[in-house]
């Protein structure tokens, strides 16, 4: 029997590695869908990401099965997974967290268990830690890929703020550089800029999410060895809400109320950083028009 699960990508607003566990992320309209079969003794998976198929590490599948088994009374003896993802590979847009969450969604159906977004995110954190995929626990990432709006957390287990309407009415232009090798950037490098990352997190907790993204972005560019001044000089004249770095990179993004502006600004950055550009919308909870009305009145 097949079980289906869904999740989506997310945008990093505050890098929890650099801050020492304080993170923030926003849900993105980048869908991930999986079909899961429970098969005794089999641990295999393939995910097609933007036209490229990649095998899923069996240790990730085993970690998700282990996390589900902690609910009690639900044994998962093996998994066969087929998936399709719109989250670019290794771009800092929470693709691994989204894959874990989509498989969790399917397995919760297999187990006949219903849980909320927070509880599902905690299962995702447990699986990611067991698989060795996270330094901090990344609760913000797992909440964002499972839910909607924006989340600020103290990782690995505390939700500090959730803004359901965050992201309504804006567009994000994403640059996925082809030349930056994030694997070579050690966690210690991000931690050198901890005061900036912490300043960004405090802004997020106050609900100033895009201001937080700007401060976090400056710290992220410095961590990656990119001159922020060179980046910002290319963006003069664009009407932007933010310029940021998602996660630990390499994805860099622009935010605007205009899809065209977000994309054109991102293309300008791609001339500097290389790589490719796409535009995506955040995922607020519920109706965007209602969210705009609430934000205007608030």
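The values are calculated or read from the model by the stated rules, or taken from the named source; none is laboratory data. Not measured: the values here are computed from a predicted model. All Cβ positions, even for glycine, are placed from backbone atoms using ideal geometry, and neighbour counts span all protein chains on display.
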What's the number of the condition residue 93 fails, among (1) out of contact with any helix residue (DSSP H, G or I) (no Cβ under 9 Å at 6 or more places or on another chain); (2) surrounded by fewer than 17 Cβ atoms within 10 Å (Cβ to Cβ); (3) in a loop (DSSP other than H, G, I, E, B)?
(2)
The range 77-86: number of residues that are crowded, with 21+ Cβ neighbours inside 10 Å and over 20 Å from residue 8 (Cα atoms):
1
Please indicate, with yes or no, whether at least one residue in the range 226-238 is closer than 17 Å to residue 18 by Cβ and in the same structural domain as residue 253 (by TED's automatic domain parsing).
yes
Provide a single number: the residues in the range 118-143 that are under 18 Å from residue 34 (Cβ atoms) and either outside the structural domain of residue 38 (by TED's automatic domain parsing) or part of a helix (DSSP H, G or I) (or both).
8
Which listed residue is at pLDDT 95 or above, buried (at least 21 other Cβ atoms within 10 Å of the Cβ) and more than 30 Å from residue 286 (Cβ to Cβ), from 197, 190
197
Among the numbered criteria (1) assigned to a strand (DSSP E or B); (2) under 29 Å from residue 150 (Cβ atoms), which single criterion is violated by residue 18?
(1)
Sort out which residues of the range 219-261 are more than 19 Å from the chain's Cα centre (by Cα), assigned to a helix (DSSP H, G or I) and crowded, with 17+ Cβ neighbours inside 10 Å, and write them in order of number.
222, 231, 261
From the list 54, 37, 75, exactly one residue is closer than 23 Å to residue 175 by Cβ and in the same structural domain as residue 100 (by TED's automatic domain parsing). Which is it?
54
Right, residue 50: surrounded by fewer than 22 Cβ atoms within 10 Å (Cβ to Cβ) and touching a strand residue (DSSP E or B) at 6+ places or on another chain (Cβ under 8 Å) or not?
yes
Inside the range 28-57, the number of residues satisfying the requirement of being more than 17 Å from residue 106 (Cα to Cα) and in contact (Cβ under 8 Å) with a residue 12 or more places away in the chain is 10
Select, from 178, 167, the only residue that is under 29 Å from residue 274 (Cβ atoms), surrounded by 24 or more Cβ atoms within 10 Å (Cβ to Cβ), touching a strand residue (DSSP E or B) at 6+ places or on another chain (Cβ under 9 Å) and at pLDDT below 95.
167
Give 204, 150, 146 a once-over and let me know the one that is within 17 Å of the chain's Cα centre (by Cα), surrounded by 15 or more Cβ atoms within 10 Å (Cβ to Cβ) and within 20 Å of residue 115 (Cβ to Cβ).
146
